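Enquirer: One structure, as structure tokens, below. Some questions next.
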Amino acid sequence: MHLAGKKIVFAVTGSIAAYKTPQLVRLLIKAGADVKVITTAAAEDFVSPLALATVSKHPVAGNISDGAAWNNHVEMGLWADAMIVAPCSANTLAKLANGLCDNLVCAVYLSARCPVFIAPAMDEDMWLHASTRQNLQKVRTYGNQIIPVAHGELASGLIGEGRMAEPEDIVKYLDHFFSDNNKPLKGTKALVTAGPTYERLDPVRFIGNFSSGKMGIAIAEALANKGAQVTLVLGPSHLQTYHANVTTVKVESAAEMYKACMDIFAQVQVAVLAAAVADYRPEEIADEKIKKANETFEIKLAKTTDILASLGKIKQAGQLLIGFALETTNELDNAKKKLQAKNADMIVLNSLRDEGAGFGHDTNKITLIDAAGEKSLPLQSKGEAAEAIVNHILELRHAEKTA
Ligand code: CTP
């Protein structure tokens with residue numbers, strides 16, 4: 001059992017399946033977890049808070065405030081190693097998908113920094129409705145885990161899909177999630193670069209690019225979810241990650257990013273360079289703000305050091321080096337050349353010609369290129385694309401080990 005000592009916030013929402021939750025709480029406690037239950041008002045129509053308080057051995061909270069006392073949702077979100085929403089009604093799912101915050105369950109969900117598991121429960125027609133499909137897709141892209149629904153008798157009397165998974169299956173799902181078998185990168189150290197770089201011209205101006213850092217951050221999180229200890233070298237980006245296994249090193253310029261990467265590369269087994277690094281920087285940085293004078297103004301640029309190529313030169317056996325290629329013409333050929341020239345093990349190709357791909361979008365369309373060939377993937381969320389990249393890294397590692 002891998003749930004021993006785990007702190008779990010257990011949110012119950014309004015569905016008939018709520019009658020099974022005291023049993024689920026009992027099973028979690030038997031597995032060694034510490035469980036605090038919160039409820040929506042509708043949940044309390046289906047299951048008694050007294051029953052849940054008795055089995056969990058903690059008071060049950062149902063409101064953001066109880067009279068003069070405030071239930072600290074932030075504290076609860078920080079306390080938890082896992083949050084479970086079971087059963088998750090269609091209504092709560094819609095709220096979680098859209099960031100609504102009109103009750104304690106939503107407030108704790110928005111404050112939680114831990115993995116969130118959602119066990120939906122609803123009638124089949126609601127389950128199959130296009131809006132429910134969309135809401136499920138949305139919460140998945142936030143990194144939440146959906147515990148699959150079961151097929152069987154529903155509250156309506158119909159037989160179909162939408163039953164909450166059985167308490168035993170939910171416990172199994174969680175146990176598997178927390179087991180080491182599910183963490184193939186445990187013990188692996190990884191380096192990820194992300195975001196743009198800013199190259200200073202003078203104290204108030206820089207040359208930069210439109211990279212948001214989203215793709216690189218998603219890769220850092222996907223590696224961390226599989227157990228890797230990740231150092232994220234992040235250029236100027238307003239995004240960040242709170243993943244417990246990711247340490248962020250903030251840098252500004254290509255030179256700073258180069259230095260940070262060189263400092264840690266020898267200690268990592270996997271490096272993914274997703275940053276949009278400036279190829280050129282102003283040759284000189286003016287000490288004072290450059291004044292407006294002539295009609296035209298020329299800036300002399302000098303090449304930056306190619307980080308990927310530099311790491312490729314010092315790469316040792318047992319290290320995997322992954323680069324990106326952002327191309328607008330001759331995409332595949334150019335990307336294959338980069339694989340060779342920079343001594344990378346894989347290049348992730350982005351084409352700016354693909355709609356929904358590239359800078360700032362939440363989606364990406366990538367092609368994975370390695371020595372064995374290439375694999376084009378469909379347009380997907382950056383989280384899903386990151387998963388696919390990490391799965392391919394696992395395949396490359398496996399191939400290397402068995403070679
Ligand atoms: N890269 C790097 N250091 C640089 C420039 C690029 O590490 N100074 C890395 C990027 O992080 C990416 C890969 O090299 O993983 C390819 O970047 P890209 O801009 O597509 O290619 P370039 O080598 O810069 O070539 P070009 O701009 O001519 O396409």
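The values are calculated or read from the model by the stated rules, or taken from the named source; none is laboratory data. All figures in this text were calculated on a predicted structure; none of them were measured in a lab. Neighbour counts are summed over all protein chains in view; Cβ atoms, including those assigned to glycine, are modelled from backbone coordinates with ideal geometry. Just the protein is used for accessible areas: all its heavy atoms, side chains included, with ligands, DNA and RNA removed. Shrake-Rupley method; radii C 1.70, N 1.55, O 1.52, S 1.80 Å.
Enquirer: Roughly how many percent of the accessible protein surface of the range 7-182 is carbon and sulfur, given a 1.4 Å probe and a whole-percent answer?
Expert: The nonpolar share, carbon plus sulfur, comes to 54 percent.
Enquirer: Can I ask one more? Restricting the count to DSSP beta bridges whose residues both fall in the chain, what percent are antiparallel, rounded to a multiple of 5?
Expert: 35 percent
Enquirer: Cα extents of the chain along the three principal axes, largest first, in whole Å?
Expert: 75, 56, 39
Enquirer: Ignoring ligands, DNA and RNA, what percent of the 1.4 Å accessible area of the range 189-402 is carbon and sulfur?
Expert: Carbon with sulfur: 50 percent of the solvent-accessible area.
Enquirer: How big is the range 7-182 in terms of Cα radius of gyration and Dmax, in angstroms?
Expert: 15.0, 46
Enquirer: Can you tell me what percent of all Cα-Cα pairs in the range 34-88 are more than 12 Å apart?
Expert: It works out to 69 percent of all Cα pairs.
Enquirer: If the only charges are +1 at each Lys and Arg Cβ and -1 at each Asp and Glu Cβ, what is the size of the charge dipole of the range 189-402 around the Cα centre, to the nearest 20 debye?
Expert: It works out to roughly 360 debye.
Enquirer: What dipole magnitude, in Debye to the nearest 20, does the range 7-182 give about its Cα centre under +1 on Lys/Arg Cβ and -1 on Asp/Glu Cβ?
Expert: 340 debye
Enquirer: I would also like to ask the following. Taking every DSSP beta bridge with both residues inside the range 1-87, roughly what % is antiparallel (nearest 5)?
Expert: Here the share of antiparallel DSSP bridges comes out near 15 percent.
Enquirer: Related question: Taking the Cα atoms only, what angle lies between the long axis of helix 21-30 and the longest principal axis of the chain, rounded to 10 degrees?
Expert: Result, in degrees: 70.
Enquirer: Also, I was wondering about something else. What FRET efficiency do you get for Glu75 and Lys30 if R0 is 30 Å and r is their Cβ-Cβ distance, rounded to the nearest 0.05?
Expert: Approximately 0.70, to the nearest 0.05.
Enquirer: Towards the positive end of the charge dipole of the range 37-195, with charges on Cβ (+1 Lys, Arg; -1 Asp, Glu), say which of Ala155, Cys101, Leu52 has the farthest Cα.
Expert: Of Ala155, Cys101, Leu52, it is Cys101.
Enquirer: What ranking of Trp70, Trp127, Trp79 comes out by heavy-atom accessible area, probe 1.4 Å, highest first?
Expert: Heavy-atom accessible area, descending, gives Trp70, Trp79, Trp127.
Enquirer: Where only protein heavy atoms count, and the probe is 1.4 Å, what is the accessible area per residue for the chain in Å²?
Expert: 50 Å²
Enquirer: Among bridges DSSP assigns within the range 7-182, what percent are antiparallel (round to 5)?
Expert: In the range 7-182, approximately 25 percent of DSSP beta bridges are antiparallel ones.
Enquirer: Each label point is 7 Å from the Cα along the Cα-to-Cβ direction; what then is the distance between the points at Asn330 and Glu395, in nm?
Expert: 2.8 nm
Enquirer: Probe radius 1.4 Å, ligands and nucleic acids left out: which of Met257, Met126 has the largest accessible area, and how do the rest follow?
Expert: Sorted by accessible area, descending: Met126, Met257.
Enquirer: Arrange the residues His151, His361 by how much accessible surface each exposes, largest first, with a 1.4 angstrom probe.
Expert: Highest to lowest solvent-accessible surface, that is His151, His361.
Enquirer: Ile347: net charge of surrounding residues, Cβ under 14 Å, Lys/Arg +1, Asp/Glu -1, itself excluded?
Expert: -2
Enquirer: Find the relative contact order for the range 189-402 and round it to a whole percent, using C-alpha pairs within less than 8 Å whose residues are 6+ positions apart.
Expert: Computed value for the range 189-402: 19 percent relative contact order.
Enquirer: How big is the charge dipole of the range 341-403 about its Cα centre, in debye rounded to the nearest 20, if each Lys and Arg gets +1 on its Cβ and each Asp and Glu gets -1 on its Cβ?
Expert: Charge dipole, the range 341-403, about its Cα centre: 120 debye, nearest 20.
Enquirer: Also: So if we plug the beta-carbon distance of Phe210 and Ala341 into 1/(1 + (r/R0)^6) with R0 = 25 Å, what FRET efficiency do we get, rounded to 0.05?
Expert: The pair Phe210/Ala341 has a calculated efficiency of 0.50.
Enquirer: Would you list which lysines come within 19 Å of Lys20, measuring only between C-alpha atoms, while excluding same-chain residues fewer than 8 positions from it?
Expert: Cross-link targets: Lys30, Lys36, Lys57, Lys172.
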